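Visitor: Here's a structure for you.
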Amino acid sequence: MNPKQKRKKKQQLIEDFGCYCWWCGKCLMPEKLTIEHLLPRSKGGSNSKENLRLSCFKCNNSRGNSLYPPGWEQGKCF
Ligand SMILES: [Zn+2]
């Protein structure tokens, strides 16, 4: 995705899901939200809306390329 497409995708996701991080539920300014792939790109995840969610930098970073939610390995989530 180029930056323009990314911005458009993000806008669509905000319309669908609101300003919330998919993982920790925090409401953030659009510029603080990142596009999160439920199935990571490196694992063959697509750029379709079904695979995209919004997440804050912290959750996105801590999850990395894992198939699981951030904090899963540490047993913190769920
Ligand atoms: Zn978060």
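Every number here is computed from the coordinates shown, using simple stated rules; none is lab data. If you're wondering where the values come from, they're calculated on a predicted model, not measured in any experiment.
Visitor: Setting aside same-chain residues fewer than 8 positions from Lys9, which lysines have a Cα under 27 Å from its Cα?
Guide: Lys26, Lys32, Lys43, Lys49, Lys58
Visitor: Same structure, new question: For region 23-64, what does the alpha-carbon gyration tensor say about shape, rounded, prolate or oblate, given a ≥ b ≥ c as the root eigenvalues, a/c under 1.5 as rounded, and a/b over b/c as prolate?
Guide: prolate
Visitor: Using θ = phi - 60° and the Karplus form 6.51 cos²θ - 1.76 cosθ + 1.60, what ³J(HN,Hα) does each residue of region 44-52 get, whole Hz, x for Gly and Pro?
Guide: Once θ is set to phi - 60°, the couplings for region 44-52 become x, x, 9, 9, 6, 4, 4, 9, 10 Hz.
Visitor: Let me ask something additional. Divide by every residue of the chain the summed helix terms, -39500 (n - 2.57) for each DSSP H run of at least 4, and state the resulting mean residue ellipticity at 222 nm, rounded to the nearest 500 deg cm²/dmol.
Guide: The helix contribution divided over the chain gives -8500 deg cm²/dmol.
Visitor: Would you mind telling me which residue in Leu39, Leu13, Leu67 has the biggest mean-square fluctuation in a Gaussian network model of the chain, where springs connect alpha carbons within a distance under 10 angstrom?
Guide: Judging by the Gaussian network model, the answer is Leu67.
Visitor: Going by the alpha-carbon gyration tensor, a ≥ b ≥ c the square roots of its eigenvalues, is the chain rounded (a/c under 1.5) or, if a/c is not under 1.5, prolate (a/b greater than b/c) versus oblate?
Guide: oblate
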